[in-house]
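> Structure incoming, see below.
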Amino acid sequence: MAGLEDLYREIILDHYRSPRNRGELLPPAHRAEGFNPLCGDEIVVYIDVDESGTIADLKIGGQGCSISQSSASMMSAAVKGHTVEEARELTRAFKQMMSIHESGLEGADEGDDDATIELELGDLEALRGVVKFPVRIKCATLSWNTLTQALDEIAAAGA
Ligand code: ZN
């Protein structure tokens with residue numbers, strides 16, 4: 001299994017060294033900020049959702065450890081160009097993967113849509129190994145929680 005772990009490490013380092021969608025968007029793009037005090041990670045999500053409910057553009061700012069920053073990069077690549085609904089489903093799938101060993105974790109048992117969790121996690125699978133280090137799970141989920149916060153704020157503003 002060392003081979004697979006090496007591959008995962010490669011993917012994480014690649015996203016850390018060459019982060020996707022790095023930068024910022026000007027208003028009216030929405031801006032949300034997340035912070036993980038346990039590790040000092042900071043993530044800023046800039047997001048532009050068009051009238052059809054598609055994430056037209058998304059940029060990532062902030063700084064922190066390799067897990068938090070590579071997870072943000074993967075998140076940005078995974079949801080950009082997709083609908084808000086798809087982004088929320090992917091978030092659920094990712095957080096479910098992250099909570100396999102933490103049955104009490106928030107959101108772990110919400111909904112009964114296990115069948116729809118057949119989503120393509122792609123590079124995100126590389127973060128699967130993080131569940132072995134519970135203290136790093138918050139690093140991996142930070143950008144996803146910040147994305148959810150941004151989507152919730154956009155929904156609230158449009159309601
Ligand atoms: Zn961290």
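The values are calculated or read from the model by the stated rules, or taken from the named source; none is laboratory data. All of these numbers come straight from a predicted model, not from anything done at the bench. Every residue, glycine among them, receives a Cβ derived from its backbone with ideal geometry; neighbour counts consider all protein chains shown. The protein model used for the area step is the full one, side chains on, heavy atoms only, and it has no ligands, DNA or RNA in it. Shrake-Rupley method; radii C 1.70, N 1.55, O 1.52, S 1.80 Å.
> Suppose we filter region 140-159 for residues that are over 15 Å from Ala87 (Cα atoms) and surrounded by fewer than 22 Cβ atoms within 10 Å (Cβ to Cβ); how many remain?
4
> Still on this model: Taking the criterion of being within 20 Å of Glu86 (Cβ to Cβ) and of a type outside the set (A, V, I, L, M), would at least one residue in region 18-26 satisfy it?
Within region 18-26, one or more residues are within 20 Å of Glu86 (Cβ to Cβ) and of a type outside the set (A, V, I, L, M).
> Within region 26-47, track down each residue that is open to solvent by 30 Å² or more (accessible area, probe 1.4 Å) and more than 16 Å from the chain's Cα centre (by Cα).
Filtering region 26-47 down to residues open to solvent by 30 Å² or more (accessible area, probe 1.4 Å) leaves 26-28, 30-31, 33, 35, 37-40, 42.
Correct list: Leu26, Pro27, Pro28, His30, Pro37, Leu38, Cys39, Gly40.
> So, in region 132-153, how many residues would count as being among the charged types (D, E, K, R) and touching a strand residue (DSSP E or B) at 6+ places or on another chain (Cβ under 8 Å)?
Restricting attention to region 132-153, the residues satisfying the condition of being among the charged types (D, E, K, R) are 132, 136, 138, 152-153.
Right, trim to touching a strand residue (DSSP E or B) at 6+ places or on another chain (Cβ under 8 Å) and you get 138, 153.
The qualifying residues number 2.
> Give the residues of region 50-95 that are away from the ligand (no atom under 16 Å from the Cβ), out of contact with any His (no Cβ under 8 Å at 6 or more places or on another chain), aliphatic (A, V, I, L, M) and open to solvent by less than 10 Å² (accessible area, probe 1.4 Å), sorted by residue number.
Leu58, Val79, Ala87, Ala93
> Please go through region 36-49 and give me each residue that is over 19 Å from Met75 (Cα atoms) and more than 10 Å from the ligand (Cβ to nearest atom), ordered by number.
Of everything in region 36-49, just one residue is over 19 Å from Met75 (Cα atoms) and more than 10 Å from the ligand (Cβ to nearest atom), namely Pro37.
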